1. What is the residue count in the stretch 259-275 for residues that are open to solvent by 60 Å² or more (accessible area, probe 1.4 Å) and either touching a strand residue (DSSP E or B) at 6+ places or on another chain (Cβ under 6 Å) or under 24 Å from Asp304 (Cα atoms) (or both)?
2. Quick one: Thr86 ticks every box in (1) within 22 Å of Gln152 (Cβ to Cβ); (2) surrounded by fewer than 16 Cβ atoms within 10 Å (Cβ to Cβ) except a single one, so which number is it?
3. Please enumerate the residues belonging to the stretch 288-299 that are outside any strand (DSSP E or B) and open to solvent by 10 Å² or more (accessible area, probe 1.4 Å).
4. Can you name every one of the strands (runs of 3 or more DSSP E) wholly within the stretch 223-268 that holds 1 or more residues which are β-branched (Val, Ile, Thr)?
5. Mind listing whichever residues of the stretch 347-364 are crowded, with 17+ Cβ neighbours inside 10 Å and in a strand (DSSP E or B)?
6. Mind listing just one residue for me: the one in the stretch 135-156 that is closer than 17 Å to Thr86 by Cβ and touching a Gly at 6+ places or on another chain (Cβ under 8 Å) and, of those, surrounded by the fewest Cβ atoms within 10 Å (Cβ to Cβ)?
7. Could you look through the stretch 313-322, keep only residues that are within 20 Å of Tyr303 (Cα to Cα) and open to solvent by less than 10 Å² (accessible area, probe 1.4 Å), and pick out the one that is nearest to the chain's Cα centre (by Cα)?
8. Those residues that are among the aliphatic types (A, V, I, L, M) and open to solvent by 10 Å² or more (accessible area, probe 1.4 Å), I need them from the stretch 324-346; list them, please.
Amino acid sequence: MVLSIFSTVRQHRVQIRRSAPQHHNAVHLSCLLSNWQSAPVRRNTKRARYSWQSLRVCCLMERPDFKLAKVQLALDTKAKISEGPTWLETRQELAFVDIEGKSVHIWSPKDGVSWKLDVPGRPGTLSPTLEPHLLLVAMEQEIYLLDLEKRQLGEKIVAIPEPLRRSARFNDGKASPAGSFIVGTVHNQAIEGQPGQLFLLAGGPSGPLDLVQVLSEAELKMANGICWTEGMHSMWHCDTSGGCIKEYRCDKHGAPERDDDGSPSCINQIDIPNEAGFPDGMTIDSCGRLWVALFEGSAVACYDSNTGKYLGKLDMPVRHPTCPIFGGPKLDTMYVTCKGEEPEKGAGGVFAATIPGVHGVAASYLAKITSVLDGQVQ
């Protein structure tokens, strides 16, 4: 039975509040002296990409020293598909989902304590909120609250649009630096080529919550990893079945903008050959480098978000990594989830990787939860 967080609350609203922008550390001058490998990149040069304020030393990025990287199994959960890792900075805990295992997992690396909550559906992703004990959980067909203190799933926030109820489920999603929630869907027949969509959770205490489509099924194939560049100048988005990562100009919510002709404002595209794996989950580090899990590719690839150039890869001991995220007190540990039910040791668990000099950025927070009783905001 789904338990309610607030038994007297007739409904929940999500008040979208602007969170503190993601902070990026300065990059050493050695960034200027690096050599790169390139990957195919398509550009849209209709408009300038960056303002003068965004031009900084790390426009040229150093290649991480992958030879000194250390990867080890950190948590052997044996999940069916561990996905959507989210670092809860205020709690110093890692949250992630097991999609096919229909559960949410919480783990404290400091003391090794972990627990899981079984949920009535396939969860796709999680997002921290401005309430430290509450997470937003995109389930198979609905988005819920989850109370970490009570270890209970709360009431439903919003449901997947009616036309998609029988054909799709929520997949990856994330809070933007503006405090908005962007979440994608994957079609039940995605393997056969059926496309997904990308949505913005919109609304607030003065009006009903709704999911607004920001990319249609004609504009992507399988919605997956999302991250934003510093200052929310752009959003990078993985299209798994499309075998590419696209960069879009952002609106005030962090969602893709559209050009004058109505098409999505794609300003960069990285094409990944099938033999390298399929782009799945993604995160960004303090230097602005993209880290992309290559499903079926046994690696997490690294790209320069300014140019789209390939910088190298972190080899993984499992064939199906699903998503990386940075965590730890200094955000210098990369946690990587992966698919389970595989022959490799640790499949379905969480791996921890450290690469000298590489740090992540703090997650954005969204959704200050407001209870609405008899129409009055409490």
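1. The first filter runs over the stretch 259-275 and keeps only residues open to solvent by 60 Å² or more (accessible area, probe 1.4 Å), leaving 260-261, 273-275.
Now restrict to residues that are either touching a strand residue (DSSP E or B) at 6+ places or on another chain (Cβ under 6 Å) or under 24 Å from Asp304 (Cα atoms) (or both): 273-275.
The number of residues fulfilling the criteria is 3.
2. For Thr86, the failing item is (2).
3. Of the residues in the stretch 288-299, the ones outside any strand (DSSP E or B) are 288, 296-298.
Of everything in the stretch 288-299, those that are outside any strand (DSSP E or B) and open to solvent by 10 Å² or more (accessible area, probe 1.4 Å) turn out to be Glu296, Gly297, Ser298.
4. Working: elements: 223-228, 234-239, 244-249.
It comes to 223-228, 244-249.
5. Passing the criteria: Val350, Phe351, Ala352, Ala353, Gly360.
6. Asp147
7. Thr322
8. Narrowing the stretch 324-346 to residues among the aliphatic types (A, V, I, L, M): 325, 331, 334, 336.
Within the stretch 324-346, Ile325, Leu331 meet the criteria.
The values are calculated or read from the model by the stated rules, or taken from the named source; none is laboratory data. Keep in mind that what you see is a predicted model, and the values were worked out from it rather than measured. Backbone-built Cβ (ideal geometry, glycine too); neighbour counts: all protein chains shown. Surface areas here come from the heavy atoms of the whole protein model, side chains and all, with no ligands, DNA or RNA. Shrake-Rupley method; radii C 1.70, N 1.55, O 1.52, S 1.80 Å.
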